[in-house]
Amino acid sequence: RRAGDIQIKRLPCRIESIEKVAPDVAIVRLKLPASERLQYLAGQYIDFLLKDGKRRSFSLATPPHDDSLLELHIRHIPGGFFSDALFTQYKGREILRFEGPLGSFYLREDSDKPIVFLAGGTGFAPIKAIIEHAFHHKVERQMVLYWGVRSLADLYLPQLPGTWQAAHPNFTFIPVLSDPKPEDAWTGRTGFVHQAVLHDFPSLAGYQVYACGAPAMIDAARRDFAAQGLPDGQFYADSFTYAAETEARA
């Protein structure tokens with residue numbers, strides 16, 4: 001399916017489940033009406049249409065072939081118009097409306113270049129969808145995922161990338177913690193996640209990069225990867241911008 005073939009729809013959905021997977025992250029699963037399906041590309045997002053014309057954007061974490069429930073990874077932003085209600089009031093079964101799919105963050109399948117995925121926090125959500133889509137379609141390109149979080153608890157699906165790595169010889173997972181806690185007993189990589197990529201890839205000349213996370217991470221990666229040889233037009237990013245009242249993009 002190509003981007004040009006996809007229709008943006010406005011649909012109702014029901015919250016099927018809310019699973020708290022970290023102190024400030026919930027996996028929310030949405031069910032569409034029986035007569036509806038959302039056609040989308042792995043990596044795209046939806047906008048919830050809230051009261052007073054407000055919108056909140058969240059990436060779809062499920063690939064299109066696995067769309068019986070649409071999965072979102074939502075970080076709790078204290079004071080956030082939507083996430084506060086989700087974390088403190090919602091119990092499931094709530095009916096919401098959304099518009100989608102939106103965005104140009106999806107796998108460019110006309111390339112055979114190896115891929116570096118760069119995820120910050122819940123920026124893992126659309127990258128999860130892209131990677132699972134690639135596996136489903138037996139994409140043979142070499143892929144490496146760097147997932148940067150603060151401490152061990154923030155790796156909110158800690159086993160999943162490891163199972164991918166065990167099952168797929170063309171995939172490698174490298175978690176990076178910026179501020180591990182003493183009780184984490186962390187012996188893996190530390191620091192800024194994009195710096196780990198720079199360390200491991202003296203030249204990015206032959207690569208594509210797909211990056212998703214906070215704007216500061218995206219901006220630093222775009223600048224520094226270009227300086228390390230990443231060609232123009234090979235950096236694809238979804239930046240989680242913040243609305244006026246500090247609601248996060250994912």
message = Just to be sure before I move on: is residue 51 closer than 25 Å to residue 81 by Cβ, touching a Cys at 6+ places or on another chain (Cβ under 8 Å) and surrounded by fewer than 22 Cβ atoms within 10 Å (Cβ to Cβ) in the structure I sent?
response = no
key: Identity of the residue in segment 1-20, within 27 Å of residue 137 (Cβ to Cβ) and touching a residue at least 60 places away in the same chain (Cβ under 8 Å), that ends up most open to solvent (accessible area, probe 1.4 Å)   = 1
task = Mind listing whichever residues of segment 147-184 are open to solvent by 30 Å² or more (accessible area, probe 1.4 Å) and either out of contact with any helix residue (DSSP H, G or I) (no Cβ under 9 Å at 6 or more places or on another chain) or under 18 Å from residue 61 (Cα atoms) (or both)?
result = 157, 158, 159, 160, 162, 163, 165, 166, 169, 173, 179, 182
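Rundown of residues vs (1) more than 20 Å from residue 129 (Cβ to Cβ); (2) part of a strand (DSSP E or B); (3) touching a Gly at 6+ places or on another chain (Cβ under 8 Å), yes/no style:
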position: 62; (1), (2), (3): no, no, no
position: 71; (1), (2), (3): no, yes, no
position: 74; (1), (2), (3): no, yes, no
position: 78; (1), (2), (3): yes, no, no
position: 84; (1), (2), (3): yes, no, no
position: 92; (1), (2), (3): yes, no, no
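Matching residues to (1) more than 19 Å from the chain's Cα centre (by Cα); (2) not charged (D, E, K, R):
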{"site": "25", "(1), (2)": "no, yes"}
{"site": "54", "(1), (2)": "yes, no"}
{"site": "62", "(1), (2)": "no, yes"}
{"site": "89", "(1), (2)": "yes, yes"}
{"site": "93", "(1), (2)": "yes, no"}
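I need the full set of residues from segment 74-91 which are open to solvent by less than 60 Å² (accessible area, probe 1.4 Å) and either more than 28 Å from residue 41 (Cβ to Cβ) or of a type outside the set (Gly, Ala, Ser) (or both), in order please.
74, 75, 76, 77, 79, 82, 84, 85, 86, 87, 90
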query = Here are some residues: 124, 117. Which one is assigned to a helix (DSSP H, G or I) and not small (Gly, Ala, Ser)?
reply = 124
note = Looking across segment 201-226 at residues that are without any contact (Cβ under 8 Å) to a residue 40 or more places away in the chain and farther than 20 Å from residue 122 by Cβ, the single one that is most open to solvent (accessible area, probe 1.4 Å) is 223
task = Would you confirm whether any residue within segment 35-47 is farther than 24 Å from residue 118 by Cβ, open to solvent by 30 Å² or more (accessible area, probe 1.4 Å) and not in a loop (DSSP other than H, G, I, E, B)?
result = no
ask   = Looking only at segment 94-114, which residues are assigned to a strand (DSSP E or B) and farther than 23 Å from residue 219 by Cβ?
value = 95, 96, 97, 98, 99, 100, 101
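Results for (1) part of a strand (DSSP E or B); (2) closer than 19 Å to residue 21 by Cβ; (3) more than 15 Å from the chain's Cα centre (by Cα), shown as yes or no for each residue.
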residue	(1), (2), (3)
153	no, yes, yes
158	no, yes, no
162	no, yes, yes
166	no, no, yes
169	no, no, yes
172	yes, no, yes
175	yes, yes, no
180	no, yes, yes
ask   = Pick from 139, 144: which is among the β-branched types (Val, Ile, Thr), part of a strand (DSSP E or B) and either open to solvent by 70 Å² or more (accessible area, probe 1.4 Å) or closer than 30 Å to residue 110 by Cβ (or both)?
value = 144
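The values are calculated or read from the model by the stated rules, or taken from the named source; none is laboratory data. Everything numeric here is computed off the predicted structure, so don't read it as measured data. A quick note on method: Cβ atoms are made from the backbone with ideal geometry, for glycine too, and the neighbour counts reach across all protein chains shown. In case anyone asks, the SASA skips ligands and DNA or RNA and just uses the protein heavy atoms, side chains included. Shrake-Rupley method; radii C 1.70, N 1.55, O 1.52, S 1.80 Å.
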